[in-house]
Structure formats: C-alpha cells, structure tokens
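Student: The structure is given below, and queries will be raised subsequently.
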Amino acid sequence: MKPCITLTRASLSYDGHQVLHHIDLQIRPGERVALIGANGSGKSSLLRLIHGLRPPTQGLRQMQDGWRVAMLFQRPHMLHTQTQRHVAIGLWLAGRRWRDAMAVAMDALQRVGLAHLARQNARTLSGGQQQRVALARAWALQPDMLLLDEPTSSLDPRAKQEVEQWLGAWLAQEPGPTLVFASHNLGQVKRLATRVIYLEAGRILADLPVDEFFNGPLAHTHPQAHLFVRGETA
C-alpha cells in the first residue's frame, strides 16, 4: 500500500538548534503509530513535521495529495463561545454552510456524549470534556490522518478512560483515520497502537510492530528502547 506520508532524511531545527536528525519514515493508511521517548526526545516536533506545521530544514516531506490532517494538542485551545459553535467554526472555515456546520457539530457532540453541553461556553468545560470536544471537532472534519500530542496526559483517570474509549470507537469505524500519537502511557500505547517508534535525542532508534516491541527481545535488538520501557531512562 502506498504510504500516506514519507519523510526522507528529514531534519528540523528551531532557532539554530537541531531537534530532529535525518528522519526516514513512512506511514501507511490505517496504521496506528505511537511515538514514545523521554521529554525532549522529539515526539512533538515529529508530529508537527508530519502535519506540515513545520517544514523540514533539511530533507523531504511528502504527503498523498488531498489528504486531510487534524492535530490535537495536549491542552486544546477553546474559543470563548458556545461549545457547538466552537466545533462548527472549523467546518465553516472549510467551506460548509453555517446551518450545515452547526448540524454536523451537534452530531459530533452527541457522539462524544456532550450534546447536553452544546450551549455551554467551551472554556468552562472540564479538561476531559475539552479533550472530547476537541476530538468531536476533529471527527466533524473527517480527517484521513489524526495526530495526537499527549492527548490524555493532563487528565484524571476517569477522563483518560472516557477519551480513550471514544477514540478507540472512532478508530474502529470503517474507514477509520490513520493515527499517529505521542504518549508516555505505555498501557495506552499497547491498547491503541499497531506500531511503536522510539525516539531519543531527535533520532529514531526503534520502529517495530507493537507486539514485537513489547514482547520481543528488545534488550538485545534495541537496548536504549528497552531501558526506557523498564523506566531506567528519564
């Protein structure tokens, strides 16, 4: 299957500081790719490079024509407006009539169990509710690829479970979006991912199917990743 995104010897620098080094990566439609590694390893930068928010300072980034990409951040930005309007604005900016955008927004809120909060100011919602609204906004746009940057790290256990359950249901749809997500939660990685990429100091040091990553001879094949999984690196 043709890759939906290809990075070839792609590097990324911020203010003269190189944060990604010669990344070679292909992601194919339908994959669920987890990015793991210590803080500062380059996970968020790689997500931005995949999205196109940051072009590579060296190397190439190629994405299939017409692919729609949505990215959710750890703390989503909520507009100072009703929750339904917050979801609808993205559709309206994409060219939908306002009436249609509001109808799709309500459908999206119903899917994440928040239709009863449609008229509440989005900024007054709890952290878990805001993440579900962000997912509803992404679902409404029907992206081909969904990028998540630590989407549940700041949530309490119940909110994490709610977000993860709804995300799992979305991914189970046919066709579901291709998923790339950064996470420190290895249990979440096991539940959601089909493939695991381990980054250290802006370099990919392991890229394996999820079962092989957690159940294979990682200590012998990828010792740095093994130490991270064991909690022996920061």
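We did not get these values from a lab; they are worked out from the coordinates using the rules stated. No experiment lies behind these values; they were computed from the predicted model shown. Positions of Cβ are generated from backbone atoms using ideal geometry, with glycine treated the same way; all protein chains shown enter the neighbour counts.
Student: Just to confirm a number: summing +1 for Lys and Arg and -1 for Asp and Glu over residues other than residue 114 whose beta-carbon lies under 14 angstrom from that of residue 114, what do you get?
Tutor: Working: positive: 85, 111, 119, 132, 137; negative: 107, 162.
Here the count lands on +3.
Student: Determine ³J(HN,Hα), in whole Hz, for all residues of segment 194-205 in sequence, where each value follows from phi through the Karplus function 6.51 cos²θ - 1.76 cosθ + 1.60 and θ = phi - 60°; x replaces Gly and Pro.
Tutor: Per-residue couplings from phi come out as 10, 8, 10, 10, 9, 10, 8, 6, x, 10, 7, 9 Hz.
Student: Shape verdict for segment 103-234, please, from the Cα gyration tensor: rounded (a/c under 1.5), prolate (a/b greater than b/c) or oblate. Don't jump to the answer; show the numbers that get you there.
Tutor: Working: a/c = 2.82, a/b = 2.05, b/c = 1.37.
Prolate is the answer for segment 103-234, as a/c is 1.5 or above and a/b outweighs b/c.
Student: While we're on this one: Could you work out [θ]222 nm for the chain from helices alone, using -39500 (n - 2.57) per DSSP H run of at least four and dividing by all its residues? Round to the nearest 500 deg cm²/dmol. Display every interim value, and only then the final one.
Tutor: Numbers: 9 runs with 88 residues, N = 234.
Value at 222 nm, helices only, nearest 500: -11000 deg cm²/dmol.
Student: What ³J(HN,Hα) values, in whole Hz, does the Karplus curve 6.51 cos²θ - 1.76 cosθ + 1.60 give for segment 41-49 when θ = phi - 60°, with x put for Gly and Pro?
Tutor: After applying 6.51 cos²θ - 1.76 cosθ + 1.60, I find 7, x, 4, 5, 5, 5, 4, 5, 5 Hz.
Student: Return the FRET efficiency for the residue pair residue 98, residue 169: r is the Cβ-Cβ distance, R0 is 22 Å, and the value is rounded to the nearest 0.05. Each step should come with its number before you reach the end.
Tutor: Numbers: r = 28 Å, r/R0 = 1.28.
E between residue 98 and residue 169, to the nearest 0.05, is 0.20.
Student: What list of ³J(HN,Hα) couplings, whole Hz, do you get for segment 57-66 from phi and the Karplus terms 6.51, -1.76, 1.60, once you set θ to phi - 60° and write x for glycine and proline?
Tutor: Result, ordered by residue: 7, 9, x, 10, 10, 10, 10, 4, 4, x Hz.
Student: All other residues with a Cβ under 12 Å from the Cβ of residue 53 taken together, and with Lys, Arg as +1 and Asp, Glu as -1, what is their net charge?
Tutor: Working: positive: 48, 54, 61; negative: 149.
Around residue 53, the surrounding residues sum to +2.
Student: Oh, and also: Just name one of 199, 169, 181: the one whose Cα is farthest towards the positive end of the charge dipole of segment 162-208 (beta-carbon charges, Lys/Arg +1, Asp/Glu -1).
Tutor: Sorting the options by dipole projection puts first 199.
Student: Now for a different question. For segment 76-119, just say rounded, prolate or oblate: build the C-alpha gyration tensor, square-root its eigenvalues into a ≥ b ≥ c, call rounded for a/c under 1.5, and beyond that prolate if a/b exceeds b/c, oblate if not.
Tutor: Values: a/c = 1.92, a/b = 1.24, b/c = 1.54.
Here segment 76-119 falls in the oblate category.
Student: Sticking with this structure for a sec: Please enumerate, by chain and number, the aspartates and glutamates with C-alpha under 19 Å from the C-alpha of residue 190, excluding those fewer than 8 residues away in the same chain.
Tutor: Leaving aside aspartates and glutamates fewer than 8 places away in the same chain, those within reach of residue 190 are 31, 149, 150, 162, 164, 207, 211, 212.
Student: What is the ratio of the Cα radius of gyration of the chain to 2.2 N^0.38 Å, where N is its residue count, to two decimals?
Tutor: 1.04
Student: Can you give the local net charge around residue 43? Use residues other than it whose beta-carbon is closer than 15 angstrom to its beta-carbon, Lys and Arg +1, Asp and Glu -1.
Tutor: On the way: positive: 48, 54, 195, 203; negative: 149, 150, 200, 207.
Net charge in that neighbourhood comes out at 0.
Student: Label segment 82-180 by shape, choosing from rounded, prolate and oblate, from the square roots a ≥ b ≥ c of the eigenvalues of the Cα gyration tensor; if a/c is under 1.5 it is rounded, and otherwise prolate applies when a/b is larger than b/c, oblate when it is not.
Tutor: Numbers: a/c = 1.86, a/b = 1.17, b/c = 1.59.
Note, shape of segment 82-180 comes out oblate.
Student: Given H placed on each backbone N at 1.01 Å, which residues far from residue 13 in sequence or on other chains put an amide H within less than 5 Å of it?
Tutor: 19, 57
Student: Given the Cα-Cα distance of residue 116 and residue 79 and 0.36 nm per residue of separation, how much length would full extension add, in nm?
Tutor: Working: separation 37, 0.36 × 37 = 13.32 nm, distance 1.81 nm.
This chain segment gains 11.5 nm when fully extended.
Student: Let me ask something else about it. Round to the nearest 0.05 the FRET efficiency obtained for residue 15 and residue 60 when R0 = 22 Å and r is the Cβ-Cβ distance. Could you put the intermediate results ahead of the total?
Tutor: Working: r = 22 Å, r/R0 = 1.02.
With R0 = 22 Å, the Cβ-Cβ based efficiency is 0.45.
Student: Considering the chain as a Gaussian network with a 10 Å cut-off on Cα pairs, which listed residue, 76, 143, 223, attains the greatest mean-square fluctuation?
Tutor: 223
Student: Return the single residue from 40, 16, 176 with maximal mean-square fluctuation; model: Gaussian network over the chain, springs between Cα atoms under 10 Å.
Tutor: Of 40, 16, 176, the Gaussian network model singles out 16 as fluctuating most.
Student: Have a look at 94, 134, 105 and tell me which one the Gaussian network model of the chain (Cα, springs below 10 Å) gives the largest fluctuation.
Tutor: With Cα springs under 10 Å in the chain, the top fluctuation among 94, 134, 105 is at 94.
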